[in-house]
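Colleague: This is the structure I have questions about; it appears just below.
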């Protein structure tokens, strides 16, 4: 994706017995962009992590990569996310250098298997949730009702709420 990925739609996806159901990964040195990515009608059954957006995936062929080549992550949406037996439904791990911007999650109801206060895991993400979201989203996201009326602004735009002990 070093050259950029945009205008991608993924629909009607069923993922079962998986470590990671949907994953977007990048890192410093990749450059390019991931933008205008739409996921609709996702079902996760028996997944360790449902949605992963990770900006510190540090695999490079050598040490000569450009440390100033920062990718842009923006306009990523997830609509109609359902499932059972998911340990962590959402893990969005942006960074200070590579924040995830304009992330939207709409209509999510995922049965979880791991009871923990860090069910949604977010860091350096800006965006919103719309409508019914189960389990409760992280504080980094604005909350809107089904009619897209603002209910609550985020309280921790850059808070790190990550627990890798799962």
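Derivation of every value follows stated rules applied to the coordinates shown; laboratory data play no part. Just so we're clear, the structure is a prediction, and the values are computed from it rather than from any experiment. For neighbour counting, all protein chains shown are included, and Cβ atoms are generated from backbone atoms with ideal geometry for every residue, glycine included.
Colleague: Could you grab me the full set of residues in the stretch 21-59 that are within 18 Å of residue 93 (Cβ to Cβ) and either surrounded by fewer than 16 Cβ atoms within 10 Å (Cβ to Cβ) or touching a helix residue (DSSP H, G or I) at 6+ places or on another chain (Cβ under 9 Å) (or both)?
Modeller: 23, 56, 57, 58, 59
Colleague: For the stretch 70-117, which positions are outside any strand (DSSP E or B) and touching a strand residue (DSSP E or B) at 6+ places or on another chain (Cβ under 7 Å)? Before the answer, list the steps.
Modeller: Applying the first criterion (outside any strand (DSSP E or B)) to the stretch 70-117 yields 70-71, 94-99, 113-117.
The answer is 71, 94, 98, 99, 113, 114.
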